[in-house]
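One structure is given below, encoded as structure tokens.
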Amino acid sequence: MNTSGGILALVADADLRNEVDRVGAAVGIRVVHASEPSSRKVWEGASAVVIDGETACRCAALGMPRRARVFLVGRAEQGHGQWEAAIAIGVQRVLALPSQEADLVAELADALESRRAERHGAVLAVIGGRGGAGASVFATALAFAAPTALLVDVDPWGGGIDLAVGGEAEAGLRWPDLALQGGRLDYAALHDALPTREGVTVLSAGRAPSDVDAVALGAVIDAGRRGGTTVVCDLPRRASTVVEAAVDAADLVVLLTPADVRSCAAAAATAQWLVDSNPNVGLVIRGPSPGGLSSADVAQIVGLPTLAAMRTQPGVAAMLEHGGLRLRRRSPLASAARRVLTVLPHQLGAA
């Protein structure tokens, strides 16, 4: 289900659905019908959501966050439970159809215009095909290669990605310092509260492991996207609610694997559950291969398209120990990161 730029219509009544379609045609905007949003990304990606009382209750039960431009349509007064659900998901206005059809046309036209005026950043999720593949380093390289970036640490047991950028001494909040309950965050305020290093804003885990909340992560990703920055999420290699939330929100999932047989086998298993959550998954291959596997061989074993292939960069381990990752423009990591970022405009354009 792809609602990007369109209207998400969650309307159970067939006659009301037809009226919503007429309104969409009048505005000149695509209407996507569903019984419920398939994900938070779908819910938040629409220019507006048109909903009725029955599906408002369903969305509230699913934990959909409050968002702007949600309109409840119907023919009768809503019941008490439906009103509570409407408030929970942020219904902006209640409209009776067909008598207020012109009002709905105006609201959706305004929503479309506002959506076009918003800036939208890309979201990447980076995960290793096996432990020690170098996913955190590559996520950091992606953040440095982007024009502006928010680097989000999703692994509470990884020691803190602020160490990878050399920002462990920088003032600012880490995940344990944030108390988020979901909803919409202002990116400018979030940016000001977090440490920034070499133009990369970093939301890192702390030194003491503290679980990252999936709802809070979604709010952070959404804020970065709306703020027009590239959001790079560094994921632990295990399936969990928070990892699934990041994968689901991503415009592109990057799976990093060394070019050896055991790593390829592990990456193939990881790829299976990634693709189940998000079809936009690509492979970054780190060579050289000790057994002579080519990039095409690795891609065939893992079952994913290749985004970039690179040789191992000398000196990275020492660099991380002394001030964090610093990349020359023609270094293997920087070149591979730029190649991955060039995929995004094409991928987003096809979304």
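Rule-based calculations on the coordinates, nothing more; no lab input. Here the structure is a predicted model, which is why all the values come from computation and not from measurement. Cβ: placed from backbone, ideal geometry, glycine included. Neighbour counts: every protein chain shown.
Inter-label distance, residue 300 to residue 273: 2.8 nm, where each label sits 7 Å from its Cα along the C-beta direction.
The tail of the calculated P(r) for the chain, taken as Cα-Cα distances beyond 38 Å, holds 23 percent of the pairs. Please build a GNM for the chain, connecting alpha carbons under 10 Å apart, and tell me which residue among 57, 264, 233 fluctuates the most. Among 57, 264, 233, the largest mean-square fluctuation in the Gaussian network model of the chain belongs to 57.
Considering only 319, 310, 64, the mean-square fluctuation computed in a Gaussian network model of the chain, springs between alpha carbons under 10 angstrom, is largest for 319.
Shape annotation for the range 209-351: C-alpha extents along the principal axes are 43, 36, 36 Å, from largest to smallest. The range 233-309 and the range 133-191 have Cα centres spaced 21 Å apart.
If I take R0 = 41 Å and measure r between the Cβ atoms of residue 317 and residue 68 in this structure, what FRET efficiency does the formula 1/(1 + (r/R0)^6) give, to the nearest 0.05?
E between residue 317 and residue 68, to the nearest 0.05, is 0.35.
Packing, taken as the mean count of other beta carbons within 10 Å per residue, orders the peptides 219-225, 101-107 from highest to lowest as 219-225, 101-107.
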